[in-house]
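Worksheet: the structure to be examined is printed underneath.
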Amino acid sequence: MKFKLSVDQINYLNIGLMIVAAVFAFYRPFETFLFAYAFFGPAHYLTEISWLHDRNYFTKRNYDWIFLLLAGIIITLANFNLIPNLPNEASTILIFVSFISALIFVTIKNIVLRIVLIVASALSSKLFIGSIIFNSVFGAFMPTLIHVFVFTGLFILVGALKGRSLSGILSLGVFIIVAISFFYLPISNGNYKPTDYVMNSYGHLKNDGSFSDGFISLNHHILSVFNLHDFGKPTVNFQQFVDGFNNYLFQNPLSLSIMAFIGFAYLYHYLNWFSKTSVIQWHNIPRSRFIGIIVLWLLSIGLYSIDYAIGLQWLFFLSFTHVLLEFPLNQLTFINIGKEISSIFKQQKSNATKVQNKYE
């Protein structure tokens, strides 16, 4: 007998998971992210790619995913500086083109029209590449917070609209309230200070002025792009500037609030995926593939435990590519939200007409 949760049970389970993820993020923001990314991340990437592959990535043609896979390969090579003379903005443009291409893949089947529109999207990206908004959305946020927070919220929204259930609406409300709470409630117990291992694993500003491998550049970008801190200019004593920079990112209350939000977003993103196993059935795959996923997952955890930076490098391709391969599903989510909202308005209009006709 197969165990399967009802939609309401899944919604209430996810409300509980949101609260659990929030509690961990409040008390140990950096550790929550590092654990979630290393432990749940690889399992999520592998199982979701497997699930998407069995559904042809929700595109209209069988091999559309190859375009997105190639984009992931190029971005990975660029990240490790393995493609000479590649412009710095190439990865951002490629993410933008992949995102637009995903919309084309789920709505248009004509090959000629597809090629024309994809080329047009690539050319149009040159008009936006200098924009802070464009660079932030498609460079820093699309593969990170937009993927784990915004799209997760949209999945909850489309589920609530389709189910027309109180539990679905409640889960969306809790998701939003919890996210906002990080910027109004005190983080940790006031004495929180990340260990050297945590700072080295998450990343930091190095003495040469560059960021080490990790995610710390994301925190810096959030603070900078939203004008929350400009960090000033390096002083004559550059080491003093570096120390002040790192101290702010790892200890300032505002920085900790941002980190707690990031930790919550990532941890809940992964928990949300696995909580819906009985519905999406990602585990119904050939035994050989299932064993392969477990082996790669254990190998990934082993590398993270040896050296977190090595784990990040090992999984960069898998992490980034799973974001790109999910783009068609993301685009379908936008489309389905529009359809559900339109359906609600039509139903309300129909009900109003019936009431009016009743009293005429």
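Taking only pairs six or more apart or across chains, which ones have beta-carbon atoms under 8 Å, a first residue in the range 330-343 that is more than 21 Å from I49 (Cα to Cα), and a second residue that is polar (S, T, N, Q)?
I335/T107
Of the conditions (1) in contact (Cβ under 8 Å) with a residue 12 or more places away in the chain; (2) farther than 25 Å from F317 by Cα, I104 satisfies every one except a single condition; which number is it?
Answer for I104: the failing condition is (2).
Given the conditions (1) in a loop (DSSP other than H, G, I, E, B); (2) surrounded by fewer than 18 Cβ atoms within 10 Å (Cβ to Cβ); (3) at pLDDT below 90; (4) not charged (D, E, K, R), and given that I187 satisfies all but one, which numbered condition is not satisfied?
Only one criterion is unmet by I187, namely (2).
I176 passes all but one of (1) assigned to a loop (DSSP other than H, G, I, E, B); (2) among the hydrophobic types (A, V, I, L, M, F, W, C); (3) without any contact (Cβ under 8 Å) to a residue 60 or more places away in the chain; which number fails?
(1)
Name the residues in the range 162-171 that are part of a helix (DSSP H, G or I) and either buried (at least 18 other Cβ atoms within 10 Å of the Cβ) or modelled with pLDDT under 95 (or both), would you?
Hits for the range 162-171 are K162, G163, L166, S167, G168, I169, S171.
Going by the conditions given, is F274 within 21 Å of the chain's Cα centre (by Cα), more than 13 Å from H44 (Cα to Cα) and surrounded by fewer than 21 Cβ atoms within 10 Å (Cβ to Cβ)?
It is false that F274 is within 21 Å of the chain's Cα centre (by Cα), more than 13 Å from H44 (Cα to Cα) and surrounded by fewer than 21 Cβ atoms within 10 Å (Cβ to Cβ).
Run down G159, G139 and say which single residue is in a helix (DSSP H, G or I), within 18 Å of A102 (Cβ to Cβ) and in contact (Cβ under 8 Å) with a residue 40 or more places away in the chain.
The match here is G139.
What number goes with the only condition from (1) closer than 30 Å to S50 by Cα; (2) of a type outside the set (A, V, I, L, M, F, W, C); (3) in a helix (DSSP H, G or I) that Y248 does not pass?
So Y248 meets the others, but not (1).
Mind listing whichever residues of the range 52-68 are in contact (Cβ under 8 Å) with a residue 60 or more places away in the chain and either crowded, with 18+ Cβ neighbours inside 10 Å or closer than 19 Å to I108 by Cβ (or both)?
L52, Y57, F58, T59, D64, W65, L68
The values are calculated or read from the model by the stated rules, or taken from the named source; none is laboratory data. Predicted model, so just to flag it, every value in this text is computed and none were measured. Positions of Cβ are generated from backbone atoms using ideal geometry, with glycine treated the same way; all protein chains shown enter the neighbour counts.
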